Every structure is written in structure tokens, then in C-alpha cells.
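All remarks here apply to the structure that follows.
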Amino acid sequence: MKEKDLRKWEVTRKKGILRFCIENGLLAWGLPMLIVMSFINNPFAEGFLSKAAIVHYLAWTIGGLLFGFFVWHFSEKRYTAEISKSNES
């Protein structure tokens with residue numbers, strides 16, 4: 001991890017995991033996937049409040065938040081490994 005990336009992650013982690021999951025998981029990944037998959041699966045054929053549409057909304061909301069959660073934890077693990085490696089030197 002480069003020094004620039006370390007500093008960027010320090011700023012990101014100060015904002016917290018919830019904000020990260022919402023911005024990077026839900027909005028940056030879940031919402032685009034919802035839009036793309038709506039063209040592929042056409043869950044809105046029976047309306048925007050049909051059972052298929054609601055399942056679609058829930059699946060991509062949960063998926064986006066989980067995506068953000070896992071990216072946070074992998075990034076945090078990488079960050080702490082780099083910090084401990086640099087402290088050993």
C-alpha cells in the first residue's frame with residue numbers, strides 16, 4: 001500500500017464504517033447494480049411495488065451494504081498490516 005493510499009484510508013476510516021458502507025457499498029455499487037439488473041431481469045413488469053420489484057430493491061440494498069462491509073474489512077486489514085509492518089522497521 002502506498003503512502004498516499006494509507007493517508008486516504010486514514011481519512012476514510014475517520015468517517016466510519018456506516019458512512020463507508022452507504023457511500024461505497026449502497027450508492028456506488030448497490031444502486032448501479034439495481035439499475036443494470038432491472039434491465040436484465042425486468043422486475044418492474046408488474047409495477048414498481050410488485051413483489052418482484054420489492055425483492056429486487058431489498059436484494060441490491062442488502063448486497064450493496066454487504067459489499068461495502070467486506071471492502072471496509074479487507075481495506076482495514078490491509079491498512080493495519082501496512083502500519084504494523086512500518087512500525088517494525
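Looking only at residues of the range 6-50 that are farther than 12 Å from residue 60 by Cβ, in a helix (DSSP H, G or I) and among the polar types (S, T, N, Q), we find that the one that is farthest from the chain's Cα centre (by Cα) is 12.
For the range 53-89, a residue qualifies if it is at pLDDT 95 or above, charged (D, E, K, R) and farther than 15 Å from residue 6 by Cα, but none of them does. Filtered by the rule that a residue be hydrophobic (A, V, I, L, M, F, W, C) and touching a residue at least 60 places away in the same chain (Cβ under 8 Å), the range 1-16 gives 1, 6, 9.
Yes/no matrix, rows are residues, columns are (1) closer than 19 Å to residue 67 by Cβ; (2) exposed (fewer than 12 other Cβ atoms within 10 Å of the Cβ); (3) among the hydrophobic types (A, V, I, L, M, F, W, C); (4) in contact (Cβ under 8 Å) with a residue 40 or more places away in the chain:
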residue	(1), (2), (3), (4)
18	yes, no, yes, no
21	yes, no, yes, yes
29	yes, no, yes, no
45	no, yes, yes, no
49	no, yes, yes, no
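Could you look through the range 63-82, keep only residues that are among the aliphatic types (A, V, I, L, M) and surrounded by 13 or more Cβ atoms within 10 Å (Cβ to Cβ), and pick out the one that is farthest from residue 15 (Cα to Cα)? Top of the filtered list is 66. For residue 60, the stated conditions do not hold, so it cannot be described as of a type outside the set (Ser, Thr, Tyr), buried (at least 16 other Cβ atoms within 10 Å of the Cβ) and in contact (Cβ under 8 Å) with a residue 60 or more places away in the chain.
The values are calculated or read from the model by the stated rules, or taken from the named source; none is laboratory data. The shown structure was predicted, so the numbers you read here are calculated from the model rather than taken from an experiment. Virtual Cβ from ideal backbone geometry, glycine too; neighbours counted across all protein chains shown.
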